[in-house]
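The values are calculated or read from the model by the stated rules, or taken from the named source; none is laboratory data. These figures come from a predicted structure and were not determined experimentally. Cβ sites come from the backbone with ideal geometry, for glycine too, and all protein chains shown count toward neighbours.
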Amino acid sequence: MYSNKDLGLVSSLVKHLPSDNQDARGYESYVKWTNEIKSNSEISNSRFIESPFAHPSVIFRKELIHRYGGYRSGNFPEDYELWLRFLKNNVKMQKVDKVLLEWRDRKNRLSRTNSRYSLRAFQRIKAEYFQHWIKENITLPLPIHSWGAGKFARRQIKYLQEFGINIECSYEVDFKKIKISKDHYKINHYMDIPPPGACFVVVLVGQQKIRQKINRFLKKRGYEIIKDYIFLA
């Protein structure tokens, strides 16, 4: 931090230490993902997938609190909301490429037990900050399309609609889900995605392996991350 004055927040890689014999596969997968997100651009581009930091691994400049405010109370994960607020204000972030924290994962952690860290709470805070991001980064009225028509994706679309983001069309791999949804947006097969520039695609898929496949598919179609699509998992 002393030698890189342009950085507002710095984090590190972490080692996951499960305990209490709980099923830790979800957190192990999450930690593996966070350890792959290191540069400022990777952190910025991945902000709507998940919180890109293990909270105890973070250090940030005090002036950011004076400028943008500190942790806020509400029905949302307060650390993730703060990172999203910093990112909204173009705070530069980066990770030290070393494991500097052993992250003990106990079953009574608030992240596992409190409603502020529920899937719904994460989805809603993502939608709230995504409305700001899309106004600043996408030239509207470019049509907004989504990828995904499962239960998770449908709920995320409802949160997006709450914040004024209208999804005109959604794409799906499963032919059984291709229909007109109850929320009046059309569901098409993913092979019907139009050429780049015809729409902006919000990918509402949680599983990392599936996201990687979608990423490869869209790049082959000529899509560019951030310019033509983004992941909102």
TODO: Scan region 59-77 for residues that are surrounded by 17 or more Cβ atoms within 10 Å (Cβ to Cβ) and within 21 Å of the chain's Cα centre (by Cα) and jot them down.
DONE: Phe60, Phe76, Pro77
TODO: Determine which member of the set Tyr80, Tyr71, Tyr2, Tyr27 is of a type outside the set (D, E, K, R), within 22 Å of Arg106 (Cβ to Cβ) and part of a loop (DSSP other than H, G, I, E, B).
DONE: Tyr71
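Results for (1) modelled with pLDDT of 95 or more; (2) within 18 Å of Thr34 (Cβ to Cβ), shown as yes or no for each residue.
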| site | (1), (2) |
| --- | --- |
| Arg104 | no, yes |
| Arg112 | no, yes |
| Lys126 | yes, yes |
| Phe130 | yes, no |
| Thr139 | no, no |
- [ ] Among the candidates Arg104, Arg109, single out the residue that is within 23 Å of Ala54 (Cβ to Cβ) and in contact with a strand residue (DSSP E or B) (Cβ under 6 Å, 6 or more places away or on another chain).
- [x] Arg104
TODO: Return yes when Ile43 is more than 23 Å from Asp97 (Cα to Cα) and in a helix (DSSP H, G or I) and no when it is not.
DONE: no
Open item on the list: What pairs come out if I take residues in region 207-233 that are in a loop (DSSP other than H, G, I, E, B) and pair them with residues that are aromatic (Phe, Trp, Tyr) whose C-beta lies under 9 Å away, six or more apart or interchain?
Closed with: Tyr223/Phe217; Tyr223/Tyr229; Lys227/Phe200; Asp228/Phe200; Leu232/Phe48; Leu232/Phe130; Ala233/Phe48; Ala233/Phe152
Open item on the list: I'm told Ser170 meets every condition in (1) modelled with pLDDT of 95 or more; (2) more than 30 Å from Asn35 (Cβ to Cβ) except one. Can you identify the failing condition by its number?
Closed with: (1)
